[in-house]
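First the structure, in the form of structure tokens, and then the observations on it.
Read-outs: derived from the displayed coordinates by stated rules, not from any lab. Source: prediction; values computed, not measured. Positions of Cβ are backbone-derived with ideal geometry, glycine not excepted, and every protein chain shown enters the neighbour counts.
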Amino acid sequence: MAAVAMRLPVIRKAVGPSGPRGGEKHLVVPGDTITTDTGYMRGHGTYVDEEKLVASVAGAVERVNKLVCVTPLKTRYNGEVGDIVVGRITEVQQKRWKVETNSRLDSVLLLSSMNLPGGELRRRSAEDELAMRDYLQEGDLISAEVQSVFSDGAVSLHTRSLKYGKLGQGVLVQVSPSLVKRQKTHFHDLPCGASVILGNNGFIWIYPTPEQKDEEAGGFTTNLEPVPLSDREVISRLRNCVVALVTQKLMLFDTSILYCYEASLPHQIKDILKPEVMEEIVLETRQKLLDLEG
Amino acid sequence: MASVVLSDAEKLYIIHGVQEDLRVDGRGCEDYRCAEVETDVVSNTSGSARVKLGHTDILVGVKAEMGTPKLEKPDEGYLEFFVDCSANATPEFEGRGGEELGTEIASTLYRIFSSEGSVDLKSLCINPGEHCWVLYVDVLNDQICTTAECFNNPSHQFSGAWQSLIGSKVLVLRNHTGTFCYQLLECGGNLFDAISITVKAALFNTRIPKVRVLEDEEGSKEIELSDDPYDCIRLNVEDVPCIVTLNKIGYRHVVDATLQEEACSLASLLIAITSKGALTCMKKIGKGSLDPESIFEMMETGKKVGKSLHASLQKVLDEEESLGTTRQKVGFLG
Amino acid sequence: MPLDHRRLRGPDESQPPELWAAQPRDGGGGEAEESGAAPRDPCALRPLFARAGLLSQAEGSAYVELSGGTKVLCAAWGPREAAEPGGAVAAGRLLCDFRRAPFCARGARPRPGGAAEREAEREAAAALREALEPAVRLSRYPRARLAVSALLLQDGGSALAAAISAASLALADAGVEMYDLAVGCALCRPPRGDGDGDGSAAEPWLLQPGEAEERGSAARLTVALLPALNQVSAVLGGGRGGEPEGWGRALRLGVEGCQRLYPVLRHCLLRAARRRDGA
């Protein structure tokens, strides 16, 4: 049966940030003077004007000893070595792929910094170079780790571990990178029956939990079998939960997603995206998280 | 249309999902996303409406001006459409920039409204052959922000920063359209349907002042505009059709496709359905072709969905009207 | 020497004489026309004349004429290197152009380049592209562009349908790889009575309407079919055609019409090939 729901818009208050409590942040807009004390050092997001330290972005002031920075709360992804990212191939070039990772500049994945099928320590031959598009082509999604950051901010990636590589069937949700909580692991096999990769760059990949970890494939064979309906339901529900959390600006990590998933269970999957349902389940999630903190 | 690039596996996932009647966001094949409708959102117009369908966000303003009737139809007024899609005029989208998309949508709207009876054009005539009302319908697409557009538009990011920073506090800075994009990939999709819904809502909201033509003894005519702001003509929008776009994905078809789903569909059928279920326009769009049998099925689905679309739209419009001024306008703050 | 065309155009407000002549007789004339059209078999196709490969300068060309006055000339060029490469693996692009000669239609001469005229041409060009794209194997021409241009010399009704047929002939004549020919067929539904047409009576859709029938019609539809694959590549229609069921019947009728036109086009291509073989 066709369902068409229409409504009048309602002014909604944000449930509120879930970030660390403890005092208001010092918020500034571009042009605000942060300090006139000349003893401070100029960090990111600030500039010096007539011996005053002035903010150049809107955001929260952070001080580390004498260094003053302003971190914009919404920003593009700034790569850091060791970050887990999910990215999309945009271009195949000589010995490298260009990868869109939501950072200021396209990231690169060098042919030499990935595992090729048939063993980790294989030499890269000319044939490999010709067959690059067979491994990864435009539009393909990969998970990778940040290997290094160039001086201009561009990021170089590597997939030299079996947990990284080409992503198969699943759903991508793009969120603001600042909403992804940094954790020890960003790969989670959730007990509800699906897995997520929480890329530090704000790309969230939700996919069916693989039956067995195939070791030798190196992440290049994608399973093209249809995903069973039960898995699909879980994935769609998770996706909508992530969207709900992000809309209400709650940090994303395995527990928050799981709690939100549990809170959403009384509702139909498609109803999760209704504003009032979204609000309700996110409030419930927040309460649970607060209880957890104690 | 602005397109997103998907990997083969992602497309496969979407196609299998449609096959099983469970789409990525949990909807069935014939479900629309939740839509928000509000009329009278811009004050300098005769009528306006704003519709948010998922993250497709459309603003329509109608301005009534006086003009001369067209030669072929001296006793009718007419409608003019202008669609601005410049927001996604990025060259990388297969040369189909925003302008081209805009004219395509506008020509579809002309096609729909040129059909007799969708709007009573005779009621727009003031005196035959000389004066008539011309309704300028301007469609603004607030947010078909493709990924690239969001990236290139610092104002989006800036206002977004403030929203997350200050939350519900007093100061909320927004860019000119008042929208921003959090889930970059969530945006867009199903432009035609959203636009037609908004146009209908805006026409429902349109109030044209009454004018009288006074003729003095020498035969020269004078036009007098009514002073009373409540003395106005309203349009009968009962027969104004809505567009239902049916995207063929795999062996099935879906309504209200997201941008990702549109990327998986080779061909779609666009049909305009009136509230009574009559079909007034149909058009195949997209690179692919369709099986005749599937076209028949799509028309049936379109009729069914179109009828419920009209019903819910009319319900919302009536509800808003009955609330009158007691309801606080959300406008762009919602 | 470049001329300033703006200075040379006619008076701003010229009107065709038919506008004044037709009006007094409108009622009577219209009825006479209708009664004249009544005996017409709705399923009858107008005789179609097609010839491929008649222009020497174009790589492929075709001329299609429907008896009753629709004359379309089509030329195809390509493949050529695309001006703006759309990525390394992008499939070829099909560029379509549809021009109406200023004198093609009855009544007022449209101002060439006028807004309304341009709009109509652009819509027809888009429809042409949509109809042809599924027929052409564009994936075989990466990074290339193919161009088709149709010139409507005289509009005697069913012009877009004729242009689709002509354009696919021209493409085939140019040696472009295609899955199938695209055959176009138009229909119209004359206004019968004032009712919305619930379609209870025998569906009065007419195949391949003439100009007069088209002008007075309540609804129109153009269908393009890939006959060998049995796939519909274009559907473009509008008007008061009633419920989807009625449109469905029209579509079926149109598909049938396309299938009946197909042998004529096929034969025309074979003849052109034979002629070329002989030359």
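Peptide A:170-177: average number of partner chain Cβ atoms within 10 Å per residue? Mean shielding count: 6. Dipole magnitude for segment A:28-72: about 180 debye, using +1 per Lys or Arg Cβ and -1 per Asp or Glu Cβ, origin at the Cα centre.
In terms of its C-alpha gyration tensor, segment C:221-260 comes out prolate, because a/c is 1.5 or above and the ratio a/b outweighs b/c.
Pairs from the list B:Lys11/B:Lys304; B:Lys11/B:Lys248; A:Lys98/A:Lys163; A:Lys163/B:Lys11; B:Lys73/B:Lys221 with a Cα-Cα gap above 25 Å: B:Lys11/B:Lys304. Each of B:Ser114, A:Ser230 has some number of other Cβ atoms within 10 Å of its Cβ, and from fewest to most they run A:Ser230, B:Ser114.
Extending 7 Å from Cα along the Cβ direction at B:Asp216 and again at C:Ala120 yields two label points whose distance is 4.2 nm. Helix content alone sets the calculated 222 nm mean residue ellipticity of chain A: runs of n ≥ 4 DSSP H residues at -39500 (n - 2.57) each, divided across all residues, give -6000 deg cm²/dmol. Please label the shape of chain A as rounded, prolate or oblate, based on the square roots a ≥ b ≥ c of the eigenvalues of the alpha-carbon gyration tensor (a/c under 1.5 means rounded; beyond that, a/b larger than b/c means prolate, else oblate). Judged from the Cα gyration tensor, chain A comes out oblate (a/c at least 1.5, b/c at or above a/b). In terms of surrounding Cβ atoms within a 10 Å radius of their Cβ, A:Thr36, A:Thr285 rank from fewest to most as A:Thr36, A:Thr285. Could you tell me whether segment A:28-72 comes out rounded, prolate or oblate from its Cα gyration tensor? Rule is a ≥ b ≥ c as square roots of the eigenvalues, rounded for a/c under 1.5, then prolate if a/b exceeds b/c, otherwise oblate. It is oblate, given that a/c is not under 1.5 and a/b is not larger than b/c.
Distance between the pseudo-spin-label points of B:Gln328 and A:Ser161 (7 Å out from Cα toward the beta carbon): 5.0 nm.
Expressed in nm to one decimal, what extension gain is obtained for the pair B:Leu71 and B:Ser123 from 0.36 nm per residue of sequence separation less their Cα-Cα distance? Could you put the intermediate results ahead of the total?
Numbers: separation 52, 0.36 × 52 = 18.72 nm, distance 1.70 nm.
Result: 17.0 nm gained on full extension.
Residues B:Cys34, C:Cys74 in ascending order of nearby Cβ atoms (within 10 Å, fewest first): B:Cys34, C:Cys74.
Trypsin sites (Lys or Arg not before Pro) within segment A:45-107: which are DSSP loop residues with at most 13 other Cβ atoms inside 10 Å?
Working: sites: A:Lys52, A:Arg63, A:Lys66, A:Lys74, A:Arg76, A:Arg88, A:Lys95, A:Arg96, A:Lys98, A:Arg104; in loops: A:Lys66, A:Lys74, A:Arg76, A:Lys95, A:Arg104.
Filter output for segment A:45-107: A:Lys66, A:Lys95.
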